[in-house]
Amino acid sequence: MGNGAKAQQKRERNAKDNKVAKSQLKSNVKAMDIQCQICKSTFLKTTRAPQLTEHAVNKHSKTIAECFPTYEIPAGGK
């Protein structure tokens, strides 16, 4: 006796358990809510002050307050 029936059963079980992969691209675009006022580059809302300061200094030779006037350093954050 062959293993054809077992293989078919296994394929059916695996097909039932397979979940469709979901892309995070749309949610990442929505999360880009920090915007540089000079070059209009966007950053994820989880971006921290050191990264924004690096952008402001390296790209524009300005301070974080000049590039991101609406950015507030989170309480307890750096």
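The values are calculated or read from the model by the stated rules, or taken from the named source; none is laboratory data. All figures in this text were calculated on a predicted structure; none of them were measured in a lab. Note: ideal-geometry Cβ built from the backbone for every residue, glycine included; neighbour counts use all protein chains shown.
Data for the structure
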| read-out | value |
| --- | --- |
| Where Ala7 falls short, out of the listed (1) over 20 Å from the mean Cα position of the chain (by Cα); (2) aliphatic (A, V, I, L, M); (3) modelled with pLDDT under 85 | (3) |
| Extreme residue, surrounded by the fewest Cβ atoms within 10 Å (Cβ to Cβ), among residues of region 60-70 that are more than 10 Å from Gln37 (Cβ to Cβ) and hydroxyl-bearing (Ser, Thr, Tyr) | Ser61 |
| Which listed residue, of Glu12, Glu54, is loosely packed, with under 11 Cβ neighbours inside 10 Å and free of Cβ contacts under 8 Å to residues at least 12 places away in the same chain | Glu12 |
| Every residue from region 29-40 that is under 15 Å from the mean Cα position of the chain (by Cα) and surrounded by fewer than 13 Cβ atoms within 10 Å (Cβ to Cβ) | Val29, Lys30, Asp33 |
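Let's see how each residue does on (1) assigned to a loop (DSSP other than H, G, I, E, B); (2) β-branched (Val, Ile, Thr):
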{"residue": "Gln37", "(1), (2)": "yes, no"}
{"residue": "Thr46", "(1), (2)": "yes, yes"}
{"residue": "Pro50", "(1), (2)": "no, no"}
{"residue": "Glu54", "(1), (2)": "no, no"}
{"residue": "Asn58", "(1), (2)": "no, no"}
{"residue": "Lys62", "(1), (2)": "yes, no"}
{"residue": "Glu66", "(1), (2)": "no, no"}
{"residue": "Pro69", "(1), (2)": "yes, no"}
{"residue": "Ile73", "(1), (2)": "yes, yes"}
